[in-house]
Amino acid sequence: MTTERFDPATSDLRWQAAWYAAQCFAADDNSAKPRSFVLEMFPYPSGRIHIGHVRNYTMGDVLARTKRMQGFEVLHPMGWDAFGMPAENAAMEKGVHPGGWTRANIKAMTEQLKRLGFSFDWSREISTCKPDYYGQEQALFLDLYAGGLVYRKESAVNWDPVDMTVLANEQVIDGRGWRSGALVEKRKLNQWFLKITQFADELLEGLDGLENWPEKVRTMQANWIGKSQGLKATFRFPAGSPLSFRGGAGGGVSPPDATSREEDRPHPNSSPETQSSEAQREGLSGIEVFTTRPDTIFGASFVAVAAEHPIAQGVAGNSPDAQAFIDLCRSGGTTAAELETTEKLGFDTGLKAVHPLDPSITLPVYIANFVLMEYGTGAVMGVPAHDQRDFEFATKYGLEITRVVAASAADADKPFAGEAESGDGVCVNSRFLDGLRVAEAKAAVIARAESEGWGTAETQYRLRDWGVSRQRYWGTPIPFIHCEICGVVPVPKKDLPVVLPEDVDFKTPGNPLLRHPTWKHVACPQCGKPATRETDTLDTFVDSSWYFLRFASQPSDRPFDREMLKKWLPVEQYIGGIEHAILHLLYARFWTRALQHIGLIDFAEPFASLFTQGMVTHETYIKETSFSPDPTVLSEVEGPSFSSAALKEKGSPSTSSGQTGRGDDPFGVGESISIKLEQYLSPSEIRKEDGKAFEIATGEEVKIGRVIKMSKSKKNVVDPDNIIATHGADAIRWFMLSDSPPERDLPWSEAGIEGCSRFVQRLWRLFGQYDANATGEDKPLDRKRDQSVAAATGDIAALSFNKAVARIYDLANAIEKSAPSASRSVAIRTLLLLVSPMMPHLAEEAWAAFDISGGETGLIAQAAWPPVDPALLIEDEVTIAIQVLGKLRDTITVAKGLSKEELEALALASDKVQRALDGKAVKKVIVVPDRLVNVVA
RNA sequence: GCGGACGUGGCGGAACCGGUAGACGCCAGGGACUUAAAAUCCCUUGAUCUUUGAUCGUGCGGGUUCGAGUCCCGCCGUCCGCACCA
């Protein structure tokens, strides 16, 4: 072997094999050492590892390796989130089996991960698509069912009539299925739900204890749960004015939809069944509203209900105008931009509602387009003075705007500056509430409502129960059986796992489980009569809601070993992308609490610390081609096929202004039009020179675009395999840790990876200078060494890898500049240990090749982390900044620990200080020992 | 609209608790070595000026302080999340 250069191509594989042979990353359940569970979010086996994975797993690996060296028993596992739609799409497009496709991807990606030298305990590998995993998931699902946390109900879903499947909201684009392009229908299907709302409060309050989670994630989850407290109040209809639509000419519109709201979001701690009757009653005697501002109740000037509200439906039964208005509401868009500009519209039903605190006041009842059926009671009291939406509505329809909250009593009749005032203040024009602060008034109104029986304190959540049914093949079969006699019957645990049949076909759209000739036919476990299996499968987010438990223990006969979980859980450090801030992390928290609730585990929160890493970004390369269009092409430019092909119109006004320009002068009679086509080029098609980019094929300069997340459509992706082949695993790992703080985006660059590669070689040369027999002491280098260890250790613990990297560069620079000595050899050995978690292959190679191990046998992966001598951390000399009036004028290097008087004297003795003082009298001198002296003149 | 994060050289970014702004890396420039190139090594590198030194400089405007990138008040901008949530 030559020691001239480090050769990753051979070394990487050699040490990966050595680690495997020594089993040095297998976590010992029975170890007496302190434990650490380091976990990165497991990947979906899409086919190839991408650079984001590399960043994620490098961070976790550095942490895991460092912790091992520091004497921890580390659990650092890896697995596969292996169920999901891409496998089925591949099946449909390429005619391969989802299972075969997934397993092939797992195999390929496992090789890629191993090639990067990650210190995973592969003996604990999990694939969620294997029956030994999803079978235990079915068992847990049954346990949750037994614990009352699983229920079934009819619910509206997005149904793609072409693909014959349910689509998630994110998969519906402009009302069409993302794959088929078919108009999506709303369908009512019986679906399985998990009662996450029962834990809404717990999940919210639990966030306070998650101090080692990013504030951002905690905030996002809190917003998602969306707790708001207020009053649910009934505004009854006047006596003697029964609702005309009840049983009236309008065809007896009973309010069947009255139940829809409650069905969509069952209230915490109450079953869906009790809610519907409650809701039905509500439609009769009055209108139930929810408000977070009961203090403003005397400012109410109308009541508004949603278009889907039973009262609106009832009115529509008698009034074509009302029906037309409801239809209008439904046609409105729901995108942010549309909502921003949509005018508040209402339809006066002619109905009146009585103010609960003063029967002499009656309020008009409107159907309004801004009231949502899905939230609260689907009806609001309109208080224009203190709610912006109500304000706009009242302004449009000439309704009264009564101020009931003001800065002070003196402002009781202050006019409004064109908008509602939603802030704090004191109540005015509010009778018994006058003078109370908002918070006091809220309590007073609620108390009154409860004592008089027209309302109750109410907490509303934005969070809905978690619908887990998917009409898909490639997922965990929901372990239930439908029997005509016995109803819905759980599969007995002894019959688990309910295994997915392999012999399915994807030639026709829809769920293959539904069409399978035999699979779904079973005997009812209760009565033994012919019955059918549930053919829905579980949302894949269920799979990832408990996989961390399975990593800690994998008994074959139950989901986990409770005692083993006590040893390893919660996960000490979880690392993954911010894109999972809500769904995955909320579901995993819920699942953990649910398991604790039903008594299966002993902790409430799964992840003690969470770290969300930034994305890897890359600049884009844009080739602009101009051409003069003929009319047929121009018309195509407007079409979706063109605009979706990464094309933008820019530059010339006639093209960028689009429709308007075209209307009166379609093709720019007075000037020639050129359209700029923008086409993205991939980094491999580019050569860079002096900060400019050129297309290799043509030599033409191309525009360097924004640095953005790597994506196929922008072609700004780099393939980890190519980088490993060229530079080795350590260089790419080093790049992932360098420069950018790990929570921020990391811009990938060719120059950057080359720099990393050079540093790998530079370290190799430096390690080659190790001389076990060198003598002599180098005190400053000793100090530098210990300071570097102390700092880097802290930086790694804080996941500030970029800072640890800077410390390592710094130490390497210092060693290179130093003369041979025993200190230098110790420093080289220390440096090697410090970089070993980051560049493990180089470290092992040098450890062995240059005999740096110094008597320690075995791998550097098993060596001890370098110790720090606290005495060496203390400098004996310090550089003192000398300021005059806060401006730096001089620095002096003195022995540490000089007294204030000595420092003051030294500062005043400085020529530079005297020159800056220019004869002015010194008023006072501020001395910060061992830091600075500031002379104030 | 609500919530959150951020704003420092050509670039990525350092800077403990208010105490020498720009560590470390990249890019760039100059030099050494070489027949040459690569590789490597050394030096320079915030701006300006009258350059042994001075002035300015952490998005903008104020303030507190002996001293502010850091604290306070008011703006501007960028990014992210949520959104007619009553």
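The values are calculated or read from the model by the stated rules, or taken from the named source; none is laboratory data. Computed from a prediction, not measured in an experiment: that's the story for all the values here. Cβ: placed from backbone, ideal geometry, glycine included. Neighbour counts: every protein chain shown. Keep in mind that these areas ignore ligands, DNA and RNA; they rest on the heavy atoms of the full protein, side chains included. Shrake-Rupley method; radii C 1.70, N 1.55, O 1.52, S 1.80 Å.
The table below gives the values:
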| quantity | calculated |
| --- | --- |
| Pair list, Cβ < 7 Å and 6+ apart or interchain, from the stretch A:197-214 residues that are over 20 Å from A:Val150 (Cβ atoms) to residues that are among the small types (Gly, Ala, Ser) | A:Leu204/A:Ala222; A:Gly206/A:Ala604; A:Leu207/A:Ala222; A:Asn212/A:Ala608; A:Asn212/A:Ser609 |
| Matching residues, the stretch A:56-76, being more than 17 Å from A:Asp795 (Cβ to Cβ) and in contact with a strand residue (DSSP E or B) (Cβ under 7 Å, 6 or more places away or on another chain) | A:Asn56, A:Tyr57, A:Arg68, A:Phe72, A:Glu73, A:Val74, A:Leu75, A:His76 |
| Test: residue in the stretch A:341-353 that is assigned to a strand (DSSP E or B), at pLDDT 90 or above, surrounded by 13 or more Cβ atoms within 10 Å (Cβ to Cβ) and touching a Gly at 6+ places or on another chain (Cβ under 8 Å) | yes |
| Complete set of residues in the stretch A:455-467 that are more than 12 Å from RNA strand B (Cβ to nearest atom) and open to solvent by 30 Å² or more (accessible area, probe 1.4 Å) | A:Thr456, A:Ala457 |
| Test: residue in the stretch A:758-776 that is in a strand (DSSP E or B), over 28 Å from A:Thr58 (Cβ atoms) and open to solvent by 70 Å² or more (accessible area, probe 1.4 Å) | no |
| Residues of the stretch A:751-786 that turn out to be within 11 Å of RNA strand B (Cβ to nearest atom) and of a type in the set (S, T, N, Q), as a count | 2 |
| Some residue of the stretch A:736-748 being over 28 Å from A:Tyr574 (Cβ atoms) and either surrounded by 13 or more Cβ atoms within 10 Å (Cβ to Cβ) or at pLDDT 75 or above (or both) | no |
| Residue selected from the stretch A:787-800 under the condition in a helix (DSSP H, G or I) and within 13 Å of RNA strand B (Cβ to nearest atom), by the criterion surrounded by the most Cβ atoms within 10 Å (Cβ to Cβ) | A:Ala792 |
| Matching entry among A:Lys227, A:Lys216 (being within 15 Å of RNA strand B (Cβ to nearest atom), of a type outside the set (Asp, Glu), over 23 Å from A:Ser609 (Cβ atoms) and open to solvent by 20 Å² or more (accessible area, probe 1.4 Å)) | A:Lys227 |
| Subset of the stretch A:383-408 [free of Cβ contacts under 8 Å to residues at least 40 places away in the same chain, within 16 Å of A:Thr296 (Cβ to Cβ) and of a type in the set (Gly, Ala, Ser)] | A:Ala406, A:Ala407 |
| Near pairs, Cβ below 7 angstrom, 6+ apart or cross-chain, from the stretch A:799-812 (within 26 Å of A:Glu572 (Cα to Cα)) to any residue that is within 8 Å of RNA strand B (Cβ to nearest atom) | A:Ser800/A:Pro741; A:Asn802/A:Ser738; A:Asn802/A:Asp739; A:Asn802/A:Ser740; A:Asn802/A:Pro741; A:Val805/A:Ser738 |
| Those helices (runs of 4 or more DSSP H) lying entirely in the stretch A:834-929 with at least 3 residues within 11 Å of RNA strand B (Cβ to nearest atom) and surrounded by 12 or more Cβ atoms within 10 Å (Cβ to Cβ) | A:911-917 |
| Of all residues making up the stretch A:285-308, the number that are small (Gly, Ala, Ser), assigned to a loop (DSSP other than H, G, I, E, B) and farther than 17 Å from A:Thr402 by Cα | 2 |
| In the stretch A:510-524, the residues that are in a loop (DSSP other than H, G, I, E, B) and either polar (S, T, N, Q) or open to solvent by less than 50 Å² (accessible area, probe 1.4 Å) (or both) | A:Gly510, A:Asn511, A:His516, A:Thr518, A:Trp519, A:Lys520, A:Cys524 |
| Tally of residues being without any contact (Cβ under 8 Å) to a residue 40 or more places away in the chain and more than 15 Å from RNA strand B (Cβ to nearest atom) across the stretch A:690-722 | 7 |
| Whichever residue in the stretch A:319-340 is exposed (fewer than 11 other Cβ atoms within 10 Å of the Cβ) and at pLDDT below 60 and, among such residues, is nearest to RNA strand B (Cβ to nearest atom) | A:Ala336 |
| Out of A:Leu372, A:Leu363, A:Leu351, A:Leu357, sole residue that is within 15 Å of RNA strand B (Cβ to nearest atom) and either more than 44 Å from the chain's Cα centre (by Cα) or on the phi > 0 side of the Ramachandran plot (or both) | A:Leu363 |
| Count of the stretch A:555-588 residues which are in a helix (DSSP H, G or I), more than 21 Å from A:Thr540 (Cα to Cα) and charged (D, E, K, R) | 4 |
| Hits in the stretch A:554-567 - residues which are open to solvent by 10 Å² or more (accessible area, probe 1.4 Å) and either in contact with a helix residue (DSSP H, G or I) (Cβ under 6 Å, 6 or more places away or on another chain) or small (Gly, Ala, Ser) (or both) | A:Ser556, A:Pro559, A:Phe560, A:Met564 |
| Residue within the stretch A:731-745 that is out of contact with any helix residue (DSSP H, G or I) (no Cβ under 9 Å at 6 or more places or on another chain) and part of a helix (DSSP H, G or I) present | no |
| Among residues of the stretch A:471-502, those that are over 22 Å from A:Thr540 (Cα atoms) and in contact with a Ser or Thr (Cβ under 7 Å, 6 or more places away or on another chain), counted | 1 |
| Count of residues meeting criterion [touching a His at 6+ places or on another chain (Cβ under 7 Å) and either open to solvent by 10 Å² or more (accessible area, probe 1.4 Å) or of a type in the set (D, E, K, R) (or both)] in the stretch A:81-102 | 0 |
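One line per residue, one yes/no per condition, for (1) among the basic types (Lys, Arg); (2) within 30 Å of A:Met85 (Cβ to Cβ):
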site	(1), (2)
A:Ser408	no, no
A:Val426	no, no
A:Asn429	no, no
A:Arg437	yes, no
A:Val445	no, no
A:Arg448	yes, no
A:Arg462	yes, yes
A:Ser469	no, yes
